[in-house]
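A short write-up of the structure that comes next.
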Amino acid sequence: MRASAIAGCNHGSWKGGTTAVAPPAPARYWHRLADGRLECDLCPRACRLHEGQRGFCFVRAREGDQLVLTTYGRSSGFCVDPIEKKPLDHFLPGTPVLSFGTAGCNLGCRFCQNWDISKSRETDTLADAASPEEIAAAAERLGCRSVAFTYNDPVIFLEYAVDVADACRARGIRAVAVTAGYVCPEPRAELFAHLDAANVDLKAFDDRFYRRICGGALAPVLETLEYVARETGVWLELTTLLIPGLNDSDAELDALTRWVVDRLGPDVPLHFTAFHPDWKLRDRPPTPAATLRRARGIARANGVRHAFTGNVHDRAGQSTWCHACGALLIERDWYELGDWNLTADGCCRSCGARCAGVFEPQPGRWGGRRLPVRMAA
Ligand code: SF4
């Protein structure tokens, strides 16, 4: 795919596209301990740092008497993706989204499918740079309806993500996050107040999985999901990557999907995606398509109205069907849209039932394309 050069974006006081390395930015959410260390309050990991040390995420560091974000204004790359790739199936379907990430992560998932970014020691992957205003201007110029913080978790670059979201909002461009939701309550409120949509990973429904496989905990993630669903206007979808033998049992999927319906409601879409051996988890086979279909069946039986299979060709499992009459509403095959049977106000053309989501009268026509974008060109 041809890279699109973004040149001449000269808004704002710091011109990321023409400056190789942005200076570290002061970090929010930390306090001083009695022993002189600084404790980060951004995520439940609560790293305690001496002078010169970095947190587990590697990108938040102590410099002198403060914590800083070392990746403000820096990126591992920009790409225009279909919004369905996040995945978000009920948020402006068919539209392009300018996607980017930075480096590092506050979880340590052994199966990470983006480990070259999440586990990088930043300088080797942060080849591109852009100020918030440059990103917003580029999104507008490229016809993107939204900007996505993705590839690695925006929780750890919250200050940058919030500034980008503000710059985008000023131009009518929405902000989307792909996150594991492993964040403390106060920064969580700030981050989600700046978002329009989020896909949150629910990696398993088992705290032992989170502790042994991800180096985290389940409870903070469930708290985030309930917070977003109940206390914000952010459009929410969930993703569970199914790993054979680790989180794909009928019992666990039954418990997970019952919890989703009970605590988040039946309208939150749930994506089951396929694992492939990667990073430190190479002794498990790729997820069979039949496992994804089984998970979707359990979810639907438990009342999830919109459950999807991902990373496979499966028209039935990837399309949106009316929860009331069963009619096809949005036909999908991977990231490509087909038939569209929603009214201009997002209702089923057959029976009139409203379909939950953020829809426009017509779907976008971006298709499955990916367009890499070089901001610093
Ligand atoms: S955000 Fe980073 S530095 Fe802060 S507690 Fe989490 S892993 Fe540690």
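The values are calculated or read from the model by the stated rules, or taken from the named source; none is laboratory data. None of these values were measured; they are calculated from a predicted model. Cβ coordinates were reconstructed from backbone atoms using ideal geometry, including for glycine residues, and neighbour counts include every protein chain displayed. Keep in mind that these areas ignore ligands, DNA and RNA; they rest on the heavy atoms of the full protein, side chains included. Shrake-Rupley method; radii C 1.70, N 1.55, O 1.52, S 1.80 Å.
Observations on the model:
- Amide H to amide H distances under 5 Å link ALA129 with SER75, MET375, ALA376, where only residues 5 or more positions off or on other chains count and H is placed in the peptide plane.
- Spherically averaged projected area of the convex hull of Cα atoms, the range 65-114: 5.3 nm².
- Comparing mean-square fluctuations of LYS280, LYS86, LYS203 from a GNM of the chain with C-alpha springs under 10 Å, the top value falls on LYS280.
- Taking the Cα centre of the chain as origin and assigning +1 to Lys and Arg Cβ atoms and -1 to Asp and Glu Cβ atoms, the resulting dipole is close to 580 debye.
- Loop-resident sites, the range 39-84, for GluC sites (Glu not before Pro), counting at most 16 other Cβ within 10 Å (DSSP): GLU51
- Calculated FRET efficiency, ALA290 to GLU51, Cβ-Cβ distance, R0 = 41 Å: about 0.15 to the nearest 0.05.
- Karplus-derived 3J(HN,Hα) values for the range 230-242, using 6.51 cos²θ - 1.76 cosθ + 1.60 with θ = phi - 60°, are 9, 10, 10, x, 6, 6, 10, 10, 10, 10, 10, 7, 8 Hz; glycine and proline are entered as x.
- A simple rule links phi to the HN-Hα coupling: the Karplus curve 6.51 cos²θ - 1.76 cosθ + 1.60 with θ = phi - 60°, which for the range 259-270 gives 4, 4, 5, 5, 9, 10, x, x, 8, 7, x, 10 Hz, with x for Gly and Pro.
- For the chain, the equivalent ellipsoid built from the Cα gyration tensor has semi-axes of 33, 26, 18 Å, listed from largest to smallest.
- Taking 17 Å as the straight-line reach from the Cα of LYS86, the aspartates and glutamates in range (excluding those fewer than 8 positions away in the same chain) are ASP153, ASP196, ASP201, GLU237, ASP333, GLU336.
- Highest mean first, the peptides 141-150, 348-357, 91-100 sorted by other C-beta atoms within 10 Å per residue fall in the order 91-100, 141-150, 348-357.
- Under 5 Å between amide hydrogens, built in the peptide plane, is the criterion, and for ALA180 it picks out ASP201 among residues at least 5 positions away or on other chains.
- Accessible area of the chain belonging to carbon and sulfur atoms, whole % at 1.4 Å probe: 50
- Average accessible area per residue (Å²) across the chain - probe 1.4 Å, nucleic acids and ligands excluded: 39
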